[in-house]
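Read the structure below first, then the notes.
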Amino acid sequence: MEIELETNTVSATVTETMLAKSMGCGDTETYATGMMVSLMERAAKQIADRHIPEGFTTVGVMLNTTHVAPTVIGKEVSATATLLEISEGQFYFEIVASDDRGVIGEATHQRIAVPLDKFNQKAKRRGGVKQND
């Protein structure tokens, strides 16, 4: 589907809980890659949400990323997602994360649209979502 390029930027200030050392995924007191990935996905999801019908959500199914520069506590980081293509309920993005010193990471990302109720039912069958009794 031919689309007009659409972008979205989200930001966060790096806190102690976002550091690799605090998350247990590294020994450094710098922004954790997992936190950068979360910020990237949020930027992309907000775009995808504009293109799906009520009762649907999108889930990330692929993310190929680099994390090339450290960011310290107190710095603001941002992720800018660009929607490149929509095809049969699939969304394709390029994403750039940066801080005040420049690019800290880049990614390609794919999300797919799914009916929220059916997805939650599947998660319940796998023991992943609590049922309201």
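The values are calculated or read from the model by the stated rules, or taken from the named source; none is laboratory data. Every value quoted in this text rests on a predicted model; they were computed, and no experiment measured them. All Cβ positions, even for glycine, are placed from backbone atoms using ideal geometry, and neighbour counts span all protein chains on display. Surface areas here come from the heavy atoms of the whole protein model, side chains and all, with no ligands, DNA or RNA. Shrake-Rupley method; radii C 1.70, N 1.55, O 1.52, S 1.80 Å.
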| Solvent-accessible area per residue for region 34-133 at a 1.4 Å probe radius, Å²? | 60
| query | What percent do you get for the relative contact order of the chain when only Cα pairs under 8 Å and 6+ apart count? | reply | 27
| note | Taking Cα atoms only, helix 33-49 is inclined relative to the longest principal axis of the chain by an angle, in degrees rounded to 10, of 40
| field | Given charges at beta-carbon only (K, R positive; D, E negative), |dipole| of region 25-133 in Debye | value | 560
| note | A 1.4 Å probe over the protein heavy atoms gives the chain a carbon and sulfur accessible-area percentage of 48
| query | Given that compact globular proteins tend to follow 2.2 N^0.38 Å, what is the ratio of the alpha-carbon Rg of the chain to that value? | reply | 1.16
| field | Angle in degrees between helix 116-125 and the longest Cα principal axis of the chain, rounded to the nearest 10 | value | 80
| task | Using the structure shown, list the pairs from Lys21/Lys118; Lys21/Lys75; Lys75/Lys122; Lys21/Lys122 with a Cα-Cα distance above 28 Å, or answer none. | result | Lys21/Lys118; Lys75/Lys122; Lys21/Lys122
| note | Taking a crude spin-label model, label points 7 Å out from Cα along the C-beta direction, the Asp49 to Glu76 distance in nm is 2.1
